[in-house]
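Heads up, the thing below is written out as structure tokens.
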Amino acid sequence: MGNLKFSLKEENIRQIFSVYGVIQDLKMIHDRETGNFRGFAFITYASPDEAEEAVTQMNGQPVDGRNLKVTFAEDKRKEKQN
């Protein structure tokens, strides 16, 4: 997901997205040099149905004044190999 407010914390994201299912993993992406949150994260749900529901319900929804972009992640490494 992207377009998250930079001040959001992991517990905020978990609270918002746990409504749709059991979160197995949450990775917030931080800048390598500054350590600041870059505004996007990856969530792994316990089931594909939970992930589908989160994408359907949250894509485009406002959170702290920003409309989220919630999609399924694409594996860029596989694309580069082809």
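Annotations
- Computed accessible area, D25, all protein chains, 1.4 angstrom probe, square angstrom: 60 Å²
- Gyration tensor over alpha-carbon atoms, the chain, equivalent ellipsoid semi-axes in Å: 19, 19, 12
- For R38, nonlocal amide neighbours, meaning residues 5 or more places apart or on other chains whose placed amide H falls under 5 Å from its own, are I29, H30, D31.
- Net length gained if the chain between I29 and D49 were fully extended (0.36 nm per residue, minus Cα distance): 4.8 nm
- Within the shell of other residues whose beta carbon sits under 13 angstrom from the beta carbon of G21, the net charge comes to -4, with Lys and Arg scored +1 and Asp and Glu -1.
- Cα-based Lys pair tally, the chain, threshold under 22 Å, eight or more apart or on separate chains: 7
- Farthest towards the positive end of the charge dipole of the chain, among the residues N67, T34, A51, is the Cα of T34, using unit charges on the Cβ of Lys, Arg, Asp and Glu.
- The figure for T44 is an accessible area of roughly 70 square angstrom, using a 1.4 Å probe on the protein chains alone.
- For the chain, a Gaussian network of Cα nodes joined below 10 Å ranks N36, N67, N59 by mean-square fluctuation, and the top entry is N36.
- Taken along the Cα-to-beta-carbon direction at a fixed 7 Å, the label points for V22 and T56 span 2.1 nm.
- In a simple Cβ point-charge model (Lys, Arg +1; Asp, Glu -1; nothing else charged), the chain has a dipole of about 380 debye relative to its Cα centre.
- Across Y45, Y20, the residue with the most accessible area heads the list, and the full order at a 1.4 Å probe is Y20, Y45.
The values are calculated or read from the model by the stated rules, or taken from the named source; none is laboratory data. Keep in mind that what you see is a predicted model, and the values were worked out from it rather than measured. Every residue, glycine among them, receives a Cβ derived from its backbone with ideal geometry; neighbour counts consider all protein chains shown. Surface accessibility is based on the protein's heavy atoms, side chains included, excluding ligands, DNA and RNA. Shrake-Rupley method; radii C 1.70, N 1.55, O 1.52, S 1.80 Å.
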